[in-house]
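Everything on this sheet refers to the single structure shown next.
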Amino acid sequence: MFMLKDKVVVITGAASGIGAALAAGMAAKGARLMLADIDQAGLDKVVTALRSSGCECFGQVTDTGNEAAIHALAVQTQAFLGAADVVINNAGVGLVAPVQGSETSDAQWLMNINFWGVVHGCQAFLPQLRSKPEAMLVNISSIFAMISMPTQSMYNASKAAVRGFSDALREELRGTTVGVLCVHPGGIQTNIANKARVGDSSMIAANDQEFRDNFNKVARTTPAQAARVIIDAIECGKTRVLIGADAKLMDFLFRLAPSRSSAWVTAIGNRLRRRENKQRNRQVSAP
């Protein structure tokens, strides 16, 4: 059992969503926290609340798409709290756009945060983690590492890259004191869709707002529920964890038929969208 009391835990993307819920859960376990996010106002709010509850907690405004900023976060962690025991590379963003016509700058923005932010987070903190008798790296991937969806090509690619990177890193660290946990959430009730960069969403929705509304409808798991699953997985020393019934269903479909599962899930989504459109049209035409 990995005991979290008095452990130094670093969490990126901690100003909201899963990151903020993880911070609260870790504080309840007695951990000492270094929280990072690009949103200073949101980060300050989380840090203030946790300090008022008695948690030893620091915040560092950090752009996880910037390698130097992540290494500065590692330096600050060492200075304020000592070497990290757990690092959770949680920060992530969304992008909705078909491959044809998508902007390279948007793709680079997403990859810098979702993939390179994880890579640099691991590189920056590994010396600290390897100095501890037991330590854990936690990388947030997605069920979209296995199931691919139209307009999500870059997001799919980034999360699949996190999965492959984490699996390789785990083997490199086998026999050391550092474990690697890769997390695959399904739909979580966070602001990732509301804050996503949206290009042409016509393949999956009538307009941008419908895309966001549809995501909010299908995202059934709360950040607090997701955080509990992740913390349990850390304490149990797991290497992989799925979050949400939707993630477990899609993982089952992927295992059942890897070459057909994405088409099945896309077809289900299209069928649900057509059904909702018919219901909406009936309501509009009703006297």
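Of the residues Ala219, Ala227, Ala233, the single one that is free of Cβ contacts under 8 Å to residues at least 40 places away in the same chain, under 17 Å from the mean Cα position of the chain (by Cα) and surrounded by 13 or more Cβ atoms within 10 Å (Cβ to Cβ) is Ala219. Taking only pairs six or more apart or across chains, which ones have beta-carbon atoms under 6 Å, a first residue in the stretch 1-25 that is touching a residue at least 60 places away in the same chain (Cβ under 8 Å), and a second residue that is among the hydroxyl-bearing types (Ser, Thr, Tyr)? As it stands, the answer is Val10/Thr77; Thr12/Thr64; Gly17/Thr190, since those pairs meet every condition given. Among residues of the stretch 124-138 that are crowded, with 22+ Cβ neighbours inside 10 Å, those with a beta-carbon under 7 Å from a residue that is part of a loop (DSSP other than H, G, I, E, B) and polar (S, T, N, Q) at least six positions away or on a different chain give the pairs Ala135/Thr177.
Identify, from the list Gly186, Gly179, the residue that is closer than 30 Å to Gln128 by Cα, touching a residue at least 12 places away in the same chain (Cβ under 8 Å) and of a type in the set (Gly, Ala, Ser).
Gly179
Taking (1) modelled with pLDDT under 95; (2) in a loop (DSSP other than H, G, I, E, B) in turn, Thr266 satisfies each apart from (2). Between a residue in the stretch 242-263 that is farther than 27 Å from Asp232 by Cα and at pLDDT below 95 and any residue that is exposed (fewer than 11 other Cβ atoms within 10 Å of the Cβ) and of a type in the set (A, V, I, L, M), which pairs come within a Cβ distance under 9 Å, given they are 6 or more apart or on different chains? Every condition considered, no pair remains.
Quick check on Gln108: is it out of contact with any Asp or Glu (no Cβ under 9 Å at 6 or more places or on another chain), over 29 Å from Asp232 (Cβ atoms) and either at pLDDT below 95 or not β-branched (Val, Ile, Thr) (or both)? Spell out how you get there, then give the answer.
Details: out of contact with any Asp or Glu (no Cβ under 9 Å at 6 or more places or on another chain): yes; over 29 Å from Asp232 (Cβ atoms): yes; either at pLDDT below 95 or not β-branched (Val, Ile, Thr) (or both): yes.
In short, yes.
Taken over the stretch 166-202, the criterion of being closer than 18 Å to Met154 by Cβ and among the β-branched types (Val, Ile, Thr) is satisfied by Ile192, Val198. Among the residues of the stretch 41-59, those that are without any contact (Cβ under 8 Å) to a residue 24 or more places away in the chain and touching a strand residue (DSSP E or B) at 6+ places or on another chain (Cβ under 8 Å) comprise Asp44, Val47, Arg51. Once the stretch 97-106 is narrowed to residues that are of a type in the set (Gly, Ala, Ser) and touching a helix residue (DSSP H, G or I) at 6+ places or on another chain (Cβ under 8 Å), the residue that is surrounded by the most Cβ atoms within 10 Å (Cβ to Cβ) is Ala97. When the residues of the stretch 170-192 are filtered to those that are crowded, with 20+ Cβ neighbours inside 10 Å and over 14 Å from the mean Cα position of the chain (by Cα), the one that is nearest to Met111 (Cα to Cα) is Val180.
Residue-by-condition table, conditions (1) closer than 30 Å to Gly30 by Cβ; (2) in contact with a strand residue (DSSP E or B) (Cβ under 8 Å, 6 or more places away or on another chain); (3) part of a loop (DSSP other than H, G, I, E, B); (4) modelled with pLDDT of 95 or more:
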site	(1), (2), (3), (4)
Gly92	yes, yes, yes, yes
Gly101	no, no, yes, no
Pro133	yes, no, yes, yes
Met136	yes, yes, no, yes
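Note on the stretch 20-67: residues that are under 21 Å from Arg130 (Cα atoms) and more than 19 Å from the chain's Cα centre (by Cα) total 2.
One residue alone among Gly82, Gly94, Gly121 is surrounded by fewer than 18 Cβ atoms within 10 Å (Cβ to Cβ) and in contact (Cβ under 8 Å) with a residue 60 or more places away in the chain, and that residue is Gly82.
The values are calculated or read from the model by the stated rules, or taken from the named source; none is laboratory data. Quick caveat: nothing in here was measured; it's all calculated off a predicted structure. Cβ: placed from backbone, ideal geometry, glycine included. Neighbour counts: every protein chain shown.
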